[in-house]
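Trainee: First the structure, which I've put down as structure tokens, then a few questions once you've had a look.
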Amino acid sequence: MQDIILEFQNVEAGYPGLNRQILRNISFRIVKGEFITILGNSGSGKTTLLKLVNRLISPDGGRILFKGKEIAQGKPEQLRKNMGYVIQQAGLFPHMTVAENIAVLPKVLKWDKKAINGRVDELLSMMKLPTAIEFKNRHPWQLSGGQQQRVGIARALSTDPDILLMDEPFGALDAVTRKELQQEIKQLHLTFGKTILFVTHDRQEAIDLGDRVMVLNDGEICQFDEPRRLILHPAGDAIRELFHADTALKKLSYFKVSDFADLLREGQEDKGSSVEWEMPMETVLDCMLQGQKTVSVYREGKYMGSFQHGDLIQAVDGIENQGRSQAGGRV
Ligand SMILES: Nc1ncnc2c1ncn2[C@@H]1O[C@H](COP(=O)(O)OP(=O)(O)OP(=O)(O)O)[C@@H](O)[C@H]1O
């Protein structure tokens, strides 16, 4: 049975003084360990939804359950201990050092000094930051944007929470640092299996990171699904338009090699060029653009078959026609 960690049941929410609800009829379930991205335009209610989860605001209607218990019934502090929160530009305390920022919650929880110091070093290493005293004693203004965000994530992980809530965490970073941090959060997720709710208005980021993407539009969920299904089976015109501008070749990046297993050819393996089962399908395209005629596919070291040019064309056609499910594909 699936282990549901978070559930919204017909949740409505607004703000005092507004004559309309910002979120309407929000219902969903999230399984422990899922990486969920929440995608939507500015003002669609993404931040409001995150704030409901850790009780920074309360719903006007409906129920929110965390690990099967209604969150309104416990103490907010108790709940927040289980929920790391990361916001854009890290939100570090400017008057505190790096180490003090990371140790905020352990100190509140009265951990002993040795345990706190050990945890700070562990988290700095985990986030690929130096553990030298000089670095730990720096203040946020002495850090780059990327370093600040890494410290912000370390702080959110300090008490080993069950859920990580991330509100546009990489929105203010340059493209290269952003890509780096995306890779790292993905790796952290794979290593520690934390449940992550990650707000973004960047379509590519949502698709790259999310096991499932929740698309919000004007306070309602228009679709909550796996990335490839958003493209192949859009639940309405809004979602279709969201991905419409992408060329079929770009859409290859939304799929894994394994999604095209039905196109693999059996026979001789060619060790000249190879890709792994879970890699993005566009890596096959890259190999072919570099002149490879055949690309071999491996799954945990086992040869699964190969792709040739024609297979790639078929893959692209399948995406263009959005007909892979009918054509016998796995999607
Ligand atoms: N404290 C508040 N009081 C009144 N209205 C608010 C408050 N906070 C947010 N809103 C309104 O609620 C709506 C949703 O805001 P929210 O911040 O959840 O959107 P968002 O999707 O996260 O947007 P963005 O991508 O711009 O951060 C907006 O219309 C906003 O103006």
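Here's the yes/no breakdown for (1) of a type outside the set (Lys, Arg); (2) part of a helix (DSSP H, G or I); (3) within 30 Å of HIS201 (Cα to Cα):
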| residue | (1), (2), (3) |
| --- | --- |
| PHE93 | yes, no, yes |
| MET96 | yes, no, no |
| LYS110 | no, no, no |
| SER125 | yes, yes, yes |
| LYS128 | no, no, yes |
| GLU134 | yes, yes, no |
| ARG138 | no, no, no |
| TRP141 | yes, yes, yes |
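Trainee: Same structure, new question: What number of residues within the range 112-123 are assigned to a helix (DSSP H, G or I) and acidic (Asp, Glu)?
Mentor: Residues that pass the stated criteria total 2.
Trainee: OK, next. Quickly run through the range 282-305 and pick out the residues that are among the basic types (Lys, Arg) and at pLDDT 85 or above.
Mentor: Passing the criteria: ARG299, LYS302.
Trainee: Right, here's the next one. With within 14 Å of the ligand (Cβ to nearest atom) and within 20 Å of PHE66 (Cα to Cα) as the only criterion, which of LEU197, LEU216 stands out?
Mentor: When all the criteria are applied, what remains is LEU197.
Trainee: Can you tell me which residues in the range 18-49 are within 18 Å of the chain's Cα centre (by Cα), hydrophobic (A, V, I, L, M, F, W, C) and near the ligand (Cβ under 8 Å from one of its atoms)?
Mentor: Result: LEU49, single match.
Trainee: Using the structure shown, decide if GLN88 is within 16 Å of the ligand (Cβ to nearest atom) and assigned by TED's automatic domain parsing to the domain that holds ARG240.
Mentor: Against the criterion (within 16 Å of the ligand (Cβ to nearest atom) and assigned by TED's automatic domain parsing to the domain that holds ARG240), GLN88 qualifies.
Residue by residue, here is whether (1) over 22 Å from SER44 (Cβ atoms); (2) out of contact with any Ser or Thr (no Cβ under 9 Å at 6 or more places or on another chain) holds:
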residue	(1), (2)
VAL199	no, no
GLU226	no, yes
ARG229	no, yes
GLU241	no, yes
LYS251	yes, yes
ALA261	yes, yes
PRO280	yes, no
GLN290	yes, no
VAL297	yes, no
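Trainee: If you check LYS136 against the conditions, is it away from the ligand (no atom under 16 Å from the Cβ), surrounded by fewer than 23 Cβ atoms within 10 Å (Cβ to Cβ), modelled with pLDDT under 90 and of a type outside the set (Asp, Glu)?
Mentor: So LYS136 does not fit the description; no.
Trainee: Specify the residue that is farthest from LYS186 (Cα to Cα); the eligible residues are those in the range 273-298 that are out of contact with any helix residue (DSSP H, G or I) (no Cβ under 8 Å at 6 or more places or on another chain) and part of a strand (DSSP E or B).
Mentor: Out of the qualifying residues, it is THR294.
Trainee: Next question. Can you name every residue in the range 165-195 that is on the phi < 0 side of the Ramachandran plot and in contact with a Ser or Thr (Cβ under 7 Å, 6 or more places away or on another chain)?
Mentor: ASP167
Trainee: Something else about it: Picking from GLU77, GLU100, which residue would you name as being away from the ligand (no atom under 16 Å from the Cβ), of a type outside the set (Phe, Trp, Tyr), in a helix (DSSP H, G or I) and at pLDDT below 90?
Mentor: Exactly one residue qualifies, and that residue is GLU77.
Trainee: Please work out if GLY118 is under 19 Å from the mean Cα position of the chain (by Cα) and either in the same structural domain as ILE185 (by TED's automatic domain parsing) or among the aliphatic types (A, V, I, L, M) (or both).
Mentor: no
Trainee: OK, next. Based on what the data block shows, is MET281 within 21 Å of the chain's Cα centre (by Cα) and surrounded by 16 or more Cβ atoms within 10 Å (Cβ to Cβ)?
Mentor: Here the answer is yes, as MET281 does meet what is asked.
The values are calculated or read from the model by the stated rules, or taken from the named source; none is laboratory data. Treat the numbers as computed from the prediction; the structure is a model and nothing was measured. Cβ sites come from the backbone with ideal geometry, for glycine too, and all protein chains shown count toward neighbours.
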